[in-house]
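The values are calculated or read from the model by the stated rules, or taken from the named source; none is laboratory data. Given the structure is predicted, the values throughout are model-derived calculations rather than measurements. Here the Cβ positions follow ideal geometry from the backbone for every residue, glycine too, while neighbour counts run over all protein chains shown.
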Amino acid sequence: MIRVEHHGLVTKFQLARTIRGKGLYFTACYRIDGIMVDTGCAHAVKELLREMENKRVDLIINTHSHEDHIAGNAALQRLHGARILAHPLALPILSKPKAQQPLRPYQRVMWGYPEPSHGEPIGEILAHGNFHFEILHTPGHSEDHICLFESNHGWLFTGDAFIGGKDRALRADYDIWQIMASLRKMAALDASAAFTGSGSVKRDPTKEMREKISYLEETGERVWKLHEKGWSYSRIRKEIFGKEIALNYFTLGHFSCRNLVRSYVEDRPDPP
């Protein structure tokens, strides 16, 4: 399934595997004057190619190497001869995604394995046509995560470093402290619009980012107070968040409230 929306000079594509006529879990990519920011999931590549057949693509920029953001790379590269740019840590995964980043059952169901592609390391600045992007390293969601900021228009392409909402759960390989640091870096830009990895377009992103940072900091303080009392991760999770989310069971524990509690404790860079 694919949904296409135009936001001024930015075209948004929301993509998902379709089951019984419904999108299972949407991810997003964006096109700006020959640049593609991310390329979606394997289950929607054919639909993306139909949309892009007569549109110019000179560059593909991957915000990170997760399977739902890189799967159209190879097909678009063949179709348009586009260069692929990403953080250096992402390049081995792009070239051998199945070997470098094995997927769990839920990931195969929702997004599928990407086709291998060849990328090049992105620098700190990217100029393309009339656009000038600052490239920010924003780890936490993944070590190779980057965001793109076009200061002339105030656009911030956040990938999955900022989606919105108040997090109650975390994937096992995320780092909540790095996530907060990356949010602070993005909030300092004072962007006028944020184009997120889920497809939501935020028109007042700085305010929402600051609210999220405050929520995550306050939650971290609560977690640490209970941890210092000797409480277990599961007991802290129950006290702060209540019942586990449904995704905990669908992902076999890979995405859970307990993982968020664990990351607050084990990933803290400066424990007392």
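Take region 13-43 and flag every residue that is within 14 Å of Gln107 (Cα to Cα) and not in a strand (DSSP E or B). Answer for region 13-43, where residues must be within 14 Å of Gln107 (Cα to Cα) and not in a strand (DSSP E or B): Ala16, Arg17, Leu24, Tyr25, Phe26, Gly40, Cys41, Ala42, His43.
With respect to the conditions (1) in contact with a Leu (Cβ under 7 Å, 6 or more places away or on another chain); (2) of a type in the set (Val, Ile, Thr); (3) more than 24 Å from Tyr25 (Cβ to Cβ), Ile61 falls short on a single one, namely (3). Exactly one residue among Gly129, Gly165 is farther than 27 Å from Asp58 by Cα, surrounded by fewer than 21 Cβ atoms within 10 Å (Cβ to Cβ) and at pLDDT below 95, and that residue is Gly165.
Here region 53-103 is the region considered, the condition is being farther than 19 Å from Thr11 by Cα and among the hydroxyl-bearing types (Ser, Thr, Tyr), and the residue that is surrounded by the fewest Cβ atoms within 10 Å (Cβ to Cβ) is Ser95.
Yes or no, residue by residue, for (1) of a type in the set (Ser, Thr, Tyr); (2) over 30 Å from Val109 (Cβ atoms); (3) touching a helix residue (DSSP H, G or I) at 6+ places or on another chain (Cβ under 8 Å):
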site: Leu226; (1), (2), (3): no, yes, yes
site: Ser232; (1), (2), (3): yes, yes, no
site: Glu239; (1), (2), (3): no, yes, yes
site: Leu247; (1), (2), (3): no, no, no
site: Ser256; (1), (2), (3): yes, no, yes
site: Asn259; (1), (2), (3): no, no, no
site: Arg262; (1), (2), (3): no, no, yes
site: Asp267; (1), (2), (3): no, no, yes
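The single condition among (1) surrounded by 15 or more Cβ atoms within 10 Å (Cβ to Cβ); (2) not in a loop (DSSP other than H, G, I, E, B) that Ala191 does not meet is (2). Reported count of residues in region 18-46, each being surrounded by fewer than 19 Cβ atoms within 10 Å (Cβ to Cβ) and more than 16 Å from the chain's Cα centre (by Cα), is 10. Against the conditions (1) of a type in the set (Gly, Ala, Ser); (2) crowded, with 19+ Cβ neighbours inside 10 Å; (3) assigned to a strand (DSSP E or B), Gly140 satisfies every one except (3). Tell me which residues, restricted to region 191-242, are among the aromatic types (Phe, Trp, Tyr) and without any contact (Cβ under 8 Å) to a residue 12 or more places away in the chain. Result: Trp231, single match. When Leu156 is tested against (1) surrounded by 22 or more Cβ atoms within 10 Å (Cβ to Cβ); (2) assigned to a loop (DSSP other than H, G, I, E, B), exactly one condition is not met: (2).
No other residue among Met186, Met180 is surrounded by fewer than 24 Cβ atoms within 10 Å (Cβ to Cβ), at pLDDT 95 or above and touching a Phe, Trp or Tyr at 6+ places or on another chain (Cβ under 8 Å) apart from Met186. Of all the criteria given as (1) part of a loop (DSSP other than H, G, I, E, B); (2) at pLDDT below 95, the one not satisfied by Val109 is (1).
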